[in-house]
Amino acid sequence: MAKIPDDFIQDLLNRVDIVDVVERYLPLKKAGQNYSACCPFHKEKSPSFTVSQTKQFYHCFGCGAHGSAVGFVMEHQGMSFPDAVRMLAESVGMQVPVSDAPMSEKAKAAPGIYDVLKTAMNYYRAQLKTASAAIEYLKSRGVEGKTAARFGLGFAPSAGQSLKAVFADYDKNPVIKDAGLVAEEENTLRRYDRFRSRVLFPILNQRSQVIGFGGRIMGNGAPKYLNSPETPVFEKGKELYGLPQARAAIRDRGRVLVVEGYMDVVMLNQHGVEYAVASLGTACTPEHIRKLLKLADEVYFCFDGDKAGKKAAWRALENSLEQLVDGKKLAFLFLPAEHDPDSYVQEFGQVRFENALLQDSVPLAQFLLKELSGQVELESEEGRAKLISLAAPMLSQVKAPAFGMMIRKRLAELSRLEMSELSTVLDGSPVRSVPEYVPSESYQGESAPEPWQDNQTWANDWQPSQQQNQPNTQYARQSNRPAWKPNWQPKGKWKGRGDERMPAHMMPRPAPRAAPTGPVHKLIQLVLAHPNLVRRSEPVWLSWPETDAMGLAQELLQKICNYPDLASLQIVESWQGMFDYDVLHRLLISGGEYFDKASEAELEEQLAATLKAVEVSVIRPMMQERFYALTYKQANGGLTEAEKLEFAALVSRR
């Protein structure tokens with residue numbers, strides 16, 4: 001995708017008012033010069049979320065969330081940067097510029113496809129109102145009218161070309177076919193509706209645009225579910241059914257539940273479990289996992305307890321390994337074989353379902369090691385060696401350092417090795433490809449492998465559930481640790497610290513660097529607080545050597561000079577999506593606190609003193625070190641032509 005020009009983004013930020021943007025999603029109260037509210041990105045009782053109309057950014061003093069109007073829409077709506085820019089541009093009547101590069105066929109087709117899909121959805125919804133058989137079917141499944149309306153359910157008539165009623169050019173319009181609404185007979189190329197005699201579930205993207213349909217047959221027949229084919233606007237591996245309807249609940253509860261079917265999502269929502277979504281006829285992909293981890297701290301997968309459910313859970317586990325983030329939770333709930341989420345929540349209700357979800361779900365690490373241990377004989381050296389061999393390719397995919405360490409520790413206990421010994425094996429031996437997963441027959445009534453009982457750490461970990469109509473608790477963990485004491489209080493340096501987790505919108509990203517206190521970062525704070533200081537001063541930074549230590553400061557100073565009409569926040573926005581974006585935002589906020597009350601003369605003095613400090617404590621030592629390095633190289637092998645020029649410049653400055 002072509003990059004949106006920086007000039008356009010700056011112009012957009014000049015036209016939108018962040019207060020207006022934020023107030024579309026949460027109420028703001030005037031608080032002095034700023035506006036405040038309870039933060040939408042973490043739970044709190046007292047407002048710590050502020051919006052500055054003068055500086056055009058938001059900041060939460062509780063969780064650290066911060067950014068511009070574009071950043072707020074991205075985090076609050078779960079949108080990509082380009083989508084957030086387009087949404088804001090549309091709200092102020094701006095057209096996102098088209099790149100000079102030729103547009104892909106997908107990009108050209110997308111606008112027309114959205115239009116025909118919306119027309120089709122409205123037609124199918126109207127058909128449902130007069131389709132008595134479809135209405136009776138939905139009633140028999142327990143679906144209420146307000147739920148059907150909330151999810152936009154519709155009905156496709158049995159006629160082969162019913163969409164002709166809304167598309168006059170049905171036989172010739174290529175967009176109707178591109179949208180996946182019709183198919184063509186192989187020999188005659190005669191068109192016919194893809195969906196016939198089915199209840200339809202519209203699939204929406206994150207902007208709540210219709211991108212496809214899922215059709216459920218009402219009686220016996222195959223296939224039970226029929227989905228739209230992949231189109232320029234619909235990719236099964238990237239979309240989740242029910243996400244627009246679930247987004248608010250996911251944000252409020254800090255968790256998301258992934259199920260297998262459309263009806264599971266609809267009925268869970270109707271019974272109060274409003275944070276459920278479903279994959280679209282495929283296993284959860286890495287893209288799904290990334291999206292889910294960005295939305296919530298806790299991701300639960302709920303599958304049937306039969307072989308198919310276990311296999312689906314294992315695929316989700318495999319696709320999660322590279323996406324794992326320390327501080328996030330992934331867990332699996334296996335229902336009894338006779339139940340799916342739809343039937344379970346209808347029979348037992350929201351409270352019992354959520355109790356099962358929170359109490360009986362199996363953490364990812366336990367599920368992984370349990371399944372691998374079930375494939376080997378842990379009492380033999382060969383079996384334990386095989387366990388390590390099976391686990392090694394999976395552990396190599398884990399990038400989360402703390403999680404990786406914890407699971408290695410468990411693996412070492414099972415293998416009866418010290419951590420150092422296991423590390424030698426894992427880090428020194430070649431890694432095999434991931435073995436094909438072959439699930440056991442069923443979780444129901446299956447007992448844990450006997451060898452587990454000999455390891456004290458795991459002695460009571462895995463116990464099968466014997467209760468009827470209860471979620472499978474084979475993996476339910478029973479700890480032999482002392483009972484929790486309700487009067488326990490933290491001690492020492494932990495005293496007074498809360499137990500709030502880092503907010504969901506920040507967890508998948510690398511932790512931003514803490515703002516250092518050296519002269520370079522003081523300089524950045526100062527120029528972000530008062531960019532006109534730089535525009536009036538001599539550009540001494542042009543003579544500084546280009547190094548990693550000075551790169552960010554030099555780039556920022558040059559940008560401030562290149563864009564004399566832009567405010568600091570708009571300049572910082574050009575780093576959107578880069579690691580330094582968080583660093584600059586924090587320095588922008590802290591710099592305002594330090595320098596906003598200083599007089600013009602004091603600021604001029606501060607800038608001169610800070611530039612001198614950078615020269616003395618950073619630039620000169622760097623140049624001195626480089627001078628000695630080139631001197632040594634000149635005496636021991638010689639310099640390249642470029643190094644000779646560099647050396648001459650260093651000599652001239654001494």
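Just so you know, all these numbers are worked out from the coordinates, no wet-lab data involved. Source: prediction; values computed, not measured. All Cβ positions, even for glycine, are placed from backbone atoms using ideal geometry, and neighbour counts span all protein chains on display.
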- Taking 0.36 nm per intervening residue step and subtracting the Cα-Cα distance, what contour gain separates Gln558 from Val616 on full extension? 18.8 nm
- Query: Ordered by packing density, taken as the mean number of other Cβ atoms within 10 Å over each peptide's residues, highest first, how do 331-338, 636-643, 88-95 rank?
  - Reply: 331-338, 88-95, 636-643
- Net charge contributed by nearby residues that have their C-beta within less than 13 Å of Gly215 (K/R +1, D/E -1): +4
- Using θ = phi - 60° and the Karplus relation 6.51 cos²θ - 1.76 cosθ + 1.60, list the HN-Hα couplings for the range 195-203 in order, rounded to whole Hz, with x at every Gly or Pro. 9, 9, 6, 9, 6, 10, 10, x, 9
- What is the distance in Å between the Cα centres of the range 361-408 and the range 1-41? 46
- Task: For a quick protection proxy, order the peptides 390-396, 534-540 by their average other-Cβ count within 10 Å, most packed first.
- Result: 390-396, 534-540
- Note on the structure: Among trypsin sites (Lys or Arg not before Pro) in the range 8-97, those in a DSSP loop whose Cβ has at most 14 other Cβ atoms within 10 Å are Arg24, Lys45
- Task: For Lys236, list the lysines whose Cα falls under 16 Å from its own Cα; do not include residues on the same chain fewer than 8 positions away.
- Result: Lys106, Lys291
- Message: For a quick check of your reading of the filter: which GluC sites (Glu not before Pro) in the range 341-428 sit in a DSSP loop and have no more than 13 other Cβ atoms within 10 Å?
- Response: Glu379, Glu418
- Given the Cα-Cα distance of Arg24 and Glu421 and 0.36 nm per residue of separation, how much length would full extension add, in nm? 137.3 nm
- Message: Let's test the formula: R0 of 45 Å, r as the Cβ-Cβ distance of Ala159 and Lys43. What FRET efficiency results, to the nearest 0.05?
- Response: 0.30
- Query: Which pairs in the list Lys118/Lys146; Lys177/Lys294; Lys129/Lys164; Lys177/Lys238 are over 23 Å apart, alpha-carbon to alpha-carbon?
  - Reply: Lys177/Lys294
- Give me the lysines in straight-line cross-link reach of Lys612: C-alpha distance below 20 Å, same-chain residues under 8 apart excluded. Lys522
- Sticking with the crude label model, points 7 Å out along Cα→Cβ, report the distance from Asn636 to Glu605 in nm, one decimal please. 4.8
- Could you state the principal axis extents of the C-alpha atoms in the range 252-331, from the largest down, to the nearest angstrom? 33, 33, 19
- Item | Centre separation in Å (Cα based) which lies between the range 258-334 and the range 176-229 | 24
- Provide the three semi-axes, in whole Å and in decreasing order, of the ellipsoid equivalent to the range 525-654 as defined by the square roots of 5 times the Cα gyration tensor eigenvalues. 33, 17, 13
- Item | Amide N of the range 183-207 lying under 19 Å from the label point, which is placed 7 angstrom from the Cα of Lys129 along Cα→Cβ | 199-202
- Among the trypsin sites (Lys or Arg not before Pro) within the range 144-222, which fall in a DSSP loop and have no more than 15 other Cβ atoms within 10 Å of their own Cβ? Lys172, Arg190, Arg207
- Label model pair Asp6, Thr54: point-to-point distance (7 angstrom along the Cα→beta-carbon line) in nm is 2.7
- Task: Quick one: grab the alpha carbon gyration tensor of the range 100-223, order the square roots of its eigenvalues as a ≥ b ≥ c, and give me rounded if a/c is under 1.5, else prolate or oblate depending on whether a/b is larger than b/c.
- Result: oblate
- Task: Grab the beta carbon distance between Arg15 and Asp83, set R0 = 22 Å, and tell me the FRET efficiency rounded to 0.05.
- Result: 0.75
- Task: Could you pull out every one of the lysines with an alpha carbon less than 21 Å from that of Lys633, ignoring same-chain neighbours closer than 8 positions?
- Result: Lys644
- Note on the structure: Between the residues Ala337, Gly349, Phe367, the Cα farthest towards the positive end of the dipole of the range 287-409, that dipole coming from +1 and -1 charges on the beta-carbon of Lys, Arg, Asp and Glu, is from Phe367
- Message: Just to verify a number: FRET efficiency for Glu144 and Lys172, C-beta to C-beta distance, R0 = 45 Å, to 0.05?
- Response: 0.65
